[in-house]
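The values are calculated or read from the model by the stated rules, or taken from the named source; none is laboratory data. Since we're looking at a predicted model, the values are computed, not measured. Neighbour counts are summed over all protein chains in view; Cβ atoms, including those assigned to glycine, are modelled from backbone coordinates with ideal geometry. Please note that ligands, DNA and RNA were not included when accessible areas were found on the heavy atoms of the full protein model with its side chains. Shrake-Rupley method; radii C 1.70, N 1.55, O 1.52, S 1.80 Å.
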Amino acid sequence: MILVFGSGGQLGQELAALARQRGLALRGLTRAQVDIANPSQVENALAEARPSVIINAGAYTKVDRAEAEPAEAMQANATGPGVLAKACAAAGLPLIHVSTDYVFDGSQPGTYRESDPIAPLGVYGRSKAAGEHAIREILSEHVIVRTSWVYGVYGANFLKTILRLAGEREELRIVADQRGCPTSTADLAEALLAVAQALGKGRAVFGTYHFAGSGATTWHGFAQRIVAAQQPFTGRFVPVLPIRTDEYPTPAQRPANSELDSSRFSETFGYTARPWADAVDHAVEQLLAPLGTTP
Ligand SMILES: NC(=O)C1=CN([C@@H]2O[C@H](COP(=O)(O)OP(=O)(O)OC[C@H]3O[C@@H](n4cnc5c(N)ncnc54)[C@H](O)[C@@H]3O)[C@@H](O)[C@H]2O)C=CC1
């Protein structure tokens, strides 16, 4: 049985939905049920559920707010993974953990591989890097999957924000000088279940991997695709204008380029994410088609 911590988030909910669809035994524990930074809560959960593998989908994910709440970010993103790793080591269980492209500073041209040096720009990235470090120190039987620009039909994310703004505004102004790989929770959940399956078969696949949507774009390109995908359902066209990062100041600095090279993941687990634009179209369709309008 797969035990998922932080199961109330967008990835956690997608994992539960995919496991149900596949008939896989998966149990989710939300933040309200278990705080991953609380050792006794985590130990009790492992003793009670007796899983064969753990997936940590729990994290403090508010990149800008983290600048003002570093203790909260560190608690969830650094202490929490350390607690999970210790509990897994004691129970002899492997841990699958999700990390982020924001461990990189974005100064490198081209794509980032797993072996490239990390240099996070903000509190969120630093806290996630500390979480990776804690796991590597404590538990050799881990798989850390770094992903990026995550969106899906559950929870809050960029895609849903753009869909809402497309209904409210006459034009959108979106940053066009930050490059990365939008990743659908549907593809990420598939990827994590592929890792769980490999671990279940006893394959020694431990280590760090990059997994993200295929291809890359900017936030502006991502928004343009979302707006184009919603038009057949809503009949609404909204121009998406490119702006520079310095025209949209945020508390946290973000990497200018965080394009991840996912080839190590594909070669090891035999699964590659869909081209990012196809996955966006699919998510928009899932969200808007049930509302009654068809293209
Ligand atoms: N959202 C994004 O764009 C990206 C996310 N990631 C990573 O992907 C993973 C999944 O993120 P999402 O599902 O997008 O985030 P989310 O914010 O939708 O879900 C995170 C969940 O973790 C829970 N949580 C927070 N602190 C916790 C704690 N101490 N104990 C237990 N649960 C706790 C929250 O209540 C929430 O339900 C995270 O590790 C995140 O860092 C990586 C790159 C980009």
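Figures for the structure shown
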| quantity | calculated |
| --- | --- |
| Qualifying positions in segment 69-80 - more than 9 Å from the ligand (Cβ to nearest atom) and open to solvent by less than 20 Å² (accessible area, probe 1.4 Å) | Ala73, Ala78 |
| Matching option when the condition is part of a loop (DSSP other than H, G, I, E, B), under 25 Å from Ser262 (Cα atoms) and over 19 Å from the mean Cα position of the chain (by Cα), among Gln108, Gln33 | Gln108 |
| For Gly6: the one exception among (1) at negative phi; (2) within 12 Å of the ligand (Cβ to nearest atom); (3) out of contact with any Pro (no Cβ under 7 Å at 6 or more places or on another chain) | (1) |
| Those residues of segment 140-181 which are away from the ligand (no atom under 16 Å from the Cβ) and either touching a Gly at 6+ places or on another chain (Cβ under 7 Å) or open to solvent by 70 Å² or more (accessible area, probe 1.4 Å) (or both), in sequence order | Ser140, Glu141, Arg164, Glu168, Arg169, Glu170, Glu171, Arg173 |
| Selection status of Gly200, in contact (Cβ under 8 Å) with a residue 40 or more places away in the chain and open to solvent by 10 Å² or more (accessible area, probe 1.4 Å) | yes |
| In segment 50-68, the residues that are surrounded by 15 or more Cβ atoms within 10 Å (Cβ to Cβ), more than 8 Å from the ligand (Cβ to nearest atom) and either more than 21 Å from Gly122 (Cα to Cα) or aromatic (Phe, Trp, Tyr) (or both) | Pro51, Val53, Ile54, Ile55 |
| Any hit, segment 5-14, residues being of a type in the set (Asp, Glu) and without any contact (Cβ under 8 Å) to a residue 24 or more places away in the chain | no |
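Results for (1) among the small types (Gly, Ala, Ser); (2) outside any loop (DSSP other than H, G, I, E, B); (3) in contact with a Cys (Cβ under 6 Å, 6 or more places away or on another chain); (4) surrounded by fewer than 16 Cβ atoms within 10 Å (Cβ to Cβ), shown as yes or no for each residue.
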{"site": "Arg236", "(1), (2), (3), (4)": "no, no, no, yes"}
{"site": "Thr268", "(1), (2), (3), (4)": "no, yes, no, no"}
{"site": "Ala277", "(1), (2), (3), (4)": "yes, yes, no, no"}
{"site": "His282", "(1), (2), (3), (4)": "no, yes, no, no"}
{"site": "Glu285", "(1), (2), (3), (4)": "no, yes, no, no"}
{"site": "Pro290", "(1), (2), (3), (4)": "no, yes, no, yes"}
